[in-house]
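The structure appears right after this line, and notes come after that.
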Amino acid sequence: MDGMHDMGGRQGFGPIRFTHDAKAFHAEWEVRANSLYAFAVRLGIFNMDEYRHAIERMDPRHYLAASYYERSLTSLATLLVEKGVLSRDDIERRAGGSFPLARPSAAGRANAPHREHFAPGDRVRVKEDHFPGHTRMPGYIRGKCGVVVSESPAYPFPDAHAHGVEAQDEPTYDVRFRSEDLWPNSSEPALVHVGVFQSYLERAPE
Amino acid sequence: MPDQDRVVKSTASMEQRVDAIQAALDERGLEASKGVEELAHLAQDVWTPKNGARVVARAWVDPEFRKRLLANGRAAVEELGFTMPKHHRHLVVLENTAKVQNVICCTLCSCTAFTIIGLPPDWYKDLEYRSRVVRESRTVLKEMGLDLTPDVEIRVWDTTADTRYMVLPEQPPETVGWSEERLADIVTRDSMIGVARL
């Protein structure tokens, strides 16, 4: 989905909040929020793609205003309610107030019907593809050309795996893009490497 | 009218929301509190940057290990007793040189090889780093204190799949000959993310 979470290349954000030895956690509840979602994954209540997608499905205003661990907890609570493990009324009663959850999911999809194998050095193009469910294709590479650098082991296809759709595992390709191709005349020179699922790719035109 | 009821309720605090989930799971007999205790220990005391620092130090002193690490990161870190979650099927180790600076990010969420380089710091998860580092990497690194000369090529790695990355920083020349333990002490998490040099 073209969601608020798809941050790569968005403009207008200010300086990095950088400190040496910056912490991962700033409050005790953050440690527990992180542990609770990991615990649910360990129990097999949901997988990482479902977890990520429930964060992406948060109302955009909530997403932007929430801290990292609030997003994590919102995803956990949403999935526990959607899967019938807990009820919303129960958790709101226990919390003593409203408990904002993510918005409903669109349908998932299986792998692309025609997938090509690529080799290092091949020039590829990211398909001009718009899909309302979970996807791991950041918007900034859509329609862009790059060069395959290597191939990873096969992974569950996120567009299916986040939605309970049967699909084959497929490799991701490490594709190298030039920042100047991604944002012509409006970026600093760099090489940007993205792990791109096979279903998202086609051979670049000659 | 449940909907009206929902409108007038104020939003519960984060602590109240975490407590609610934990208590509700415990009451379902899922022993969440026990699981939380164990996972909190792992996240804070076991999955720390010290693991990655040991990997880097070994790679600096042992050229054969370095080769194996660059060829198959997951298998190489296992030699030192470090494991990765099942869904992280691949660890790609990126070698920095005098002319190449690798830097990792996750624009879509905040993925990292957390069992090896530690859980990501706050700024890594912030919207500023995620939005800007792919598009204006040199400026972002400069803001973070790493002012690279124009001849250094920057390679940004966006963690969009479950393949994980870590940066192998360049060994400072004055440390050649040091013991592995002493070398591990100088390796920082930020240098393994690639926003700092040693």
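Only one of the listed residues (A:Ala154, A:Ala162, A:Ala102) is of a type in the set (Gly, Ala, Ser), open to solvent by 20 Å² or more (accessible area, probe 1.4 Å) and within 28 Å of A:Arg57 (Cβ to Cβ). That residue is A:Ala154.
Consider A:Glu92 carefully, then state whether it is charged (D, E, K, R) and crowded, with 17+ Cβ neighbours inside 10 Å. Criteria met by A:Glu92. Look at the stretch A:8-34: where a residue is free of Cβ contacts under 8 Å to residues at least 12 places away in the same chain and at the interface with another protein chain (Cβ under 7 Å from one of its Cβ atoms) and a partner is outside any loop (DSSP other than H, G, I, E, B) and small (Gly, Ala, Ser), sitting 6+ places away or on another chain with Cβ atoms under 6 Å, you get A:Arg10/B:Ser131; A:Phe13/B:Ser131; A:Val31/B:Ala40. Looking across the stretch B:178-198, just one residue is open to solvent by 60 Å² or more (accessible area, probe 1.4 Å) and either of a type in the set (Phe, Trp, Tyr) or within 13 Å of the chain's Cα centre (by Cα) (or both), and that is B:Trp178. The C-beta contact set for the stretch B:18-40 (first residue facing chain A (nearest Cβ under 7 Å), second residue hydroxyl-bearing (Ser, Thr, Tyr) and open to solvent by 10 Å² or more (accessible area, probe 1.4 Å), distance under 8 angstrom, 6+ apart or interchain) comprises B:Gln22/B:Ser33.
Of everything in the stretch A:52-68 that's more than 9 Å from every other protein chain (Cβ to nearest Cβ) and surrounded by fewer than 16 Cβ atoms within 10 Å (Cβ to Cβ), which residue is farthest from A:Thr135 (Cα to Cα)? It would help to see each step written out before you state the result.
Narrowing the stretch A:52-68 to residues more than 9 Å from every other protein chain (Cβ to nearest Cβ): A:53-54, A:57-63, A:65-66.
From what is left, the residues that are surrounded by fewer than 16 Cβ atoms within 10 Å (Cβ to Cβ) are A:59-61, A:65.
Numbers: A:Asp59: 17, A:Pro60: 17, A:Arg61: 21, A:Ala65: 23 Å.
Once the filter is applied, the top-ranked residue is A:Ala65.
Report yes if B:Arg197 is facing chain A (nearest Cβ under 7 Å), part of a loop (DSSP other than H, G, I, E, B) and in contact with a helix residue (DSSP H, G or I) (Cβ under 8 Å, 6 or more places away or on another chain), otherwise no. Let's see the steps before the verdict.
On the way: facing chain A (nearest Cβ under 7 Å): no; part of a loop (DSSP other than H, G, I, E, B): yes; in contact with a helix residue (DSSP H, G or I) (Cβ under 8 Å, 6 or more places away or on another chain): yes.
Against the criterion (facing chain A (nearest Cβ under 7 Å), part of a loop (DSSP other than H, G, I, E, B) and in contact with a helix residue (DSSP H, G or I) (Cβ under 8 Å, 6 or more places away or on another chain)), B:Arg197 does not qualify.
In this entry, A:Asp49 passes the filter for residues that are in contact (Cβ under 8 Å) with a residue 60 or more places away in the chain and within 14 Å of chain B (Cβ to nearest Cβ). Counting only residues that are of a type in the set (Ser, Thr, Tyr) and either more than 21 Å from A:Ala54 (Cα to Cα) or within 14 Å of another protein chain (Cβ to nearest Cβ) (or both), the stretch A:89-111 holds 1 of them.
Quick check on A:Ala167: is it among the aliphatic types (A, V, I, L, M), open to solvent by 30 Å² or more (accessible area, probe 1.4 Å) and closer than 24 Å to A:Tyr51 by Cβ? Answer is yes for this residue. Within the stretch B:168-177, the only residue that satisfies the criterion of being open to solvent by less than 70 Å² (accessible area, probe 1.4 Å) and out of contact with any Leu (no Cβ under 7 Å at 6 or more places or on another chain) is B:Gln171. Applying the criterion of being without any contact (Cβ under 8 Å) to a residue 40 or more places away in the chain and touching a strand residue (DSSP E or B) at 6+ places or on another chain (Cβ under 8 Å) to the residues of the stretch A:172-187, the residue that is most open to solvent (accessible area, probe 1.4 Å) is A:Arg178. Scanning the stretch A:69-84 for residues that are touching a Lys or Arg at 6+ places or on another chain (Cβ under 9 Å) and within 7 Å of chain B (Cβ to nearest Cβ) yields A:Glu70, A:Leu73, A:Ala77.
The values are calculated or read from the model by the stated rules, or taken from the named source; none is laboratory data. All figures in this text were calculated on a predicted structure; none of them were measured in a lab. When we count neighbours, we look across all protein chains shown, and the Cβ atoms used for this are built from the backbone with ideal geometry, even at glycine. Heads up: the accessible areas ignore ligands, DNA and RNA and are worked out on the full protein's heavy atoms, side chains in. Shrake-Rupley method; radii C 1.70, N 1.55, O 1.52, S 1.80 Å.
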